[in-house]
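The values are calculated or read from the model by the stated rules, or taken from the named source; none is laboratory data. Nothing here was measured: the structure is a model prediction, and the numbers come from that model. Cβ atoms come from the backbone with ideal geometry, glycine included; neighbour counts cover every protein chain shown. Surface accessibility is based on the protein's heavy atoms, side chains included, excluding ligands, DNA and RNA. Shrake-Rupley method; radii C 1.70, N 1.55, O 1.52, S 1.80 Å.
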Amino acid sequence: MARTMTAPSDGQAGELDALVIGAGFAGLYQLLCLRDRLGLSVRLLEAGDGVGGTWYWNRYPGARCDSESHSYCYAFSKELTQEWDWSERYPGQPEIMRYMNHVADRFDLKRSIRFSTRVTAAHYDAASNRWTVRTERGEQFITKFLITAVGCLSTANVPNIPGLEDFAGDWYHTGQWPHDGVDFTGKRVGLVGTGSTGIQATPVIAETAAHLTVFQRTANYSVPARNAPLTPEFKRYVKENATQIRQVMHGTTNGHPFTISERLAHEASPEERQALYEAAWNTGGLQFRAVFQDLMVDKAANDTAADFIRGKIRQIVKDPVTAATLSDIDHPYAAKRPPIDTNYFETFNRDNVSLVDVRAAPIERITPLGIRTGEGDYPLDVIVFATGFDAMTGPMLRMDIRGRGGKSLAEEWEAGPRNYLGLQVAGFPNLFTITGPGSPSVLCNMPVAIEQHVEWITDCIAHMRAHGLQRIEAKAQAVDNWIEQVNAAANATLLPQATHSWYLGANVPGKPRVFMPYAGGMAHYREICVEVAARNYEGFTLDG
């Protein structure tokens, strides 16, 4: 029999005002806002035994953020900004975990968090206007508001390759990495996947493995990160200019602390373009895609950047066959998540690293001794799957969420995610989805998108309480209209041209091919959300 848990973790009796799922960036800030700013009874449930969200699980070799550290953090507290020092331009997983634990401890959040508690189901009852949330251990929580902060990249996608269960060695997914690490010393390692994660992990694994074989299906662009320790001068600059940096992040398309050039690619001569790309390559990081304004909307402009990067790959990689395979890229630059790296292409110059083109000769099965492709067998001691996630919808659909009339979220999203502003789903009252599909989310520096959503949800609940309103639900017509806007925004860019992108769900067999994030830009999206609230939450039904 399920045990009903109705008391918040700080000891207050009674059913919960709000329950938050997930203790990453989004969940921690939502907990703080609802508990400390609104004074609600709130409980946060987290599957892991600590805070961190995606960074709790993603501990693979080379795990590092691709947003610059001074922007990959909370901006809501001036004191927090002033007291925390990042050590590197791009923070590694251990440093991000230290930061998140610092935040949780500083604001005394852990007392309201129940760790090692995986949510399995959440069912809405219209008569009581309450959600019943159940956990893997049979516990039951009753709450008025339910907020999912489960992240966009938290459900590991392990490919269904025949024979995996027969493999005599060890295998790992980068999104479920052992907390005590993996020793590759003297091992023959196969790495499957060359997205952002594979590109980060490859150089680090190659340092200790006897041999590393990288199995590449889709060649990818990557730009050097140019990671380095932060200077005392830069740290001081960040603290002294925190307000201005935040204004830049709030005013840009992707929420990063740099602006996109207003210049068009073909306004520059070939020599000028080469010089600008060379400078951006040497600077490193995601600023490369900000060199020209039209890189993501004009294929001819994008081709100039793509050709430059392909040229760099051929210049770096010494073996011409390997260089040709790595640079045989079939999509526009940044139409998939644009990786940044530390010595990725240089790693293929090592004697203990080889590349296998599994587009030319697909993986047929995993044998007890390794991986078999159409061209032969590759003996391995360890297999690492860097195959990404069931992105954006996977973390939600892993739970049995049922709204009005018992309709499941899986049924509602059978043909792809349908919601309003990425915040609510019609038929699921009082359920908010932080950075859900239909919002900028993964196209953006995530803390910026998270803070905007958390603050919008907090303001919405405060508005409801002030006006005696008990229930909020997205209207079906508003959902239809928003999906049209999401599709139009995507189609105005080159993003849908990467037909095998996880933005479309294409990395998960059987998943509907729908472009999930909102590509109209974070700044414009923020304006839309402000207008919706100002118009008495237009597109939502609110009642007492």
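Taking every DSSP bridge with both residues inside the chain, close to 40 percent are antiparallel.
May I ask which residue of 320, 424, 195 lies farthest towards the positive end of the charge dipole of the chain, with charges of +1 (Lys, Arg) and -1 (Asp, Glu) on Cβ and the Cα centre as origin? Looking along the dipole axis, the top candidate is 424. Candidate cross-link partners of residue 407 among the lysines, defined by an alpha-carbon separation under 17 Å and a same-chain spacing of 8 or more, comprise 475. Within straight-line reach of residue 312, meaning a Cα separation under 30 Å, sit the following lysines at least 8 residues removed in sequence or on another chain: 299, 336.
Of all DSSP beta bridges confined to segment 358-494, the antiparallel ones make up roughly 90%.
Listed peptides 283-289, 526-532 appear in the order 283-289, 526-532 once ranked by packing, highest mean of other Cβ atoms within 10 Å at the front.
Farthest towards the positive end of the charge dipole of the chain, among the residues 135, 384, 225, is the Cα of 135, using unit charges on the Cβ of Lys, Arg, Asp and Glu.
The alpha carbons of the chain give a radius of gyration and a Dmax of 23.5, 73 Å, in that order. At a probe radius of 1.4 angstrom, the accessible area of the chain per residue rounds to 40 square angstrom. This model, with +1 at the C-beta of Lys and Arg and -1 at the C-beta of Asp and Glu, gives the chain a dipole about its Cα centre of some 860 debye.
A viscosity of 0.890 mPa s and a temperature of 25 °C, combined with the Kirkwood radius over Cα pairs in Stokes-Einstein, give a translational diffusion coefficient for segment 195-340 of 143 µm²/s.
Given a cut-off of under 8 Å on Cα pairs at least six residues apart, what relative contact order in percent is computed for the chain? The value is 19 percent.
The figure for residue 59 is an accessible area of roughly 60 square angstrom, using a 1.4 Å probe on the protein chains alone. The value for segment 409-465 of Rg(Cα) / (2.2 N^0.38 Å) is 1.18.
Relative to the dominant Cα principal axis of the chain, helix 196-208 is inclined by about 50°.
Using helices alone, I'd like the mean residue ellipticity at 222 nm for the chain: each DSSP H run of four-plus residues gives -39500 (n - 2.57), total over residue count, nearest 500. It lands at -9000 deg cm²/dmol. Working ranking of peptides 377-385, 483-491, 189-197, 270-278 by packing, defined as the average number of other Cβ atoms within 10 Å per residue, highest first, is 189-197, 377-385, 483-491, 270-278. Straight-distance candidates among the aspartates and glutamates for linking to residue 110, with alpha-carbon spacing under 15 Å and chain neighbours fewer than 8 residues away dropped: 10, 36, 46, 49.
The three principal axes of the Cα atoms in segment 274-377 give end-to-end lengths of 50, 28, 20 Å, sorted in falling order.
What does the C-alpha gyration tensor say about the overall shape of segment 86-198? Classify as rounded when a/c is under 1.5, otherwise prolate if a/b is larger than b/c, or oblate. In terms of gyration-tensor shape, oblate.
Of the solvent-accessible surface of the chain, computed with a 1.4 Å probe and all protein chains present, 48% belongs to carbon and sulfur. Largest first, the residues 467, 256 sort by 1.4 Å accessible area into 467, 256. Remark: segment 374-381, residue by residue, has Karplus-estimated 3J(HN,Hα) of x, 10, x, 9, 10, x, 9, 9 Hz, where x stands for each Gly or Pro and the curve is 6.51 cos²θ - 1.76 cosθ + 1.60 at θ = phi - 60°. Using a probe of 1.4 Å on the protein chains alone, the accessible area found for residue 524 is around 90 Å².
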